[in-house]
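Undergrad: Would you mind keeping the following structure in view while I ask a few things?
The values are calculated or read from the model by the stated rules, or taken from the named source; none is laboratory data. Everything numeric in this text was worked out from a predicted model, so none of it was measured. Every residue, glycine among them, receives a Cβ derived from its backbone with ideal geometry; neighbour counts consider all protein chains shown. Accessible surface is based on the protein model in full, side chains and every heavy atom, while ligands, DNA and RNA are left aside. Shrake-Rupley method; radii C 1.70, N 1.55, O 1.52, S 1.80 Å.
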Amino acid sequence: MSASPGAEPPFLSVHAAVVFVIALLTGLAAGGLTYLGGTGVALSVLAGLTAAGVAVPVLRGLIR
């Protein structure tokens, strides 16, 4: 099946979707492990967000 001429392009490319999903999983793992290590919820969320943010450019360079 081919796309019709008036079809919109996808919102995210497959590459971007894979990078964001792996970054999300990385952030969840880092935040969860930080919380299980005895740190409070706020700092665990901050650690997870930081890990996810750092993972995006790294994964973008690795996954080509």
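Undergrad: What is the one condition in (1) modelled with pLDDT of 95 or more; (2) part of a loop (DSSP other than H, G, I, E, B); (3) open to solvent by 100 Å² or more (accessible area, probe 1.4 Å) that L25 does not satisfy?
TA: Tallying (1) modelled with pLDDT of 95 or more; (2) part of a loop (DSSP other than H, G, I, E, B); (3) open to solvent by 100 Å² or more (accessible area, probe 1.4 Å), L25 fails exactly one: (2).
Undergrad: Show the residue pairs that are 6+ apart or on different chains and have beta-carbon atoms under 9 Å apart, the first residue being within segment 42-64 and farther than 14 Å from I22 by Cα and without any contact (Cβ under 8 Å) to a residue 60 or more places away in the chain, the second being open to solvent by 80 Å² or more (accessible area, probe 1.4 Å) and part of a helix (DSSP H, G or I).
TA: L43/Y35; S44/L33; S44/Y35; S44/L36; V45/Y35; A47/L33; A47/Y35
Undergrad: So, one more: Please identify the pairs in which a residue from segment 9-22 that is over 11 Å from L59 (Cα atoms) has its Cβ atom under 9 Å from the Cβ atom of a residue that is part of a helix (DSSP H, G or I) and open to solvent by 60 Å² or more (accessible area, probe 1.4 Å), counting only partners at least 6 apart or on another chain.
TA: If the second residue must be part of a helix (DSSP H, G or I) and open to solvent by 60 Å² or more (accessible area, probe 1.4 Å), the pairs left are L12/F20.
Undergrad: Something else: Could you please find all residues in segment 11-20 being open to solvent by 80 Å² or more (accessible area, probe 1.4 Å) and in a helix (DSSP H, G or I)?
TA: Across segment 11-20, the qualifying residues are V14, F20.
Undergrad: Within segment 41-60, can one find any residue that is open to solvent by less than 80 Å² (accessible area, probe 1.4 Å), out of contact with any strand residue (DSSP E or B) (no Cβ under 9 Å at 6 or more places or on another chain) and either in a loop (DSSP other than H, G, I, E, B) or on the phi > 0 side of the Ramachandran plot (or both)?
TA: no
Undergrad: Just to be sure before I move on: is G37 loosely packed, with under 12 Cβ neighbours inside 10 Å and modelled with pLDDT of 95 or more in the structure I sent?
TA: Against the criterion (loosely packed, with under 12 Cβ neighbours inside 10 Å and modelled with pLDDT of 95 or more), G37 qualifies.
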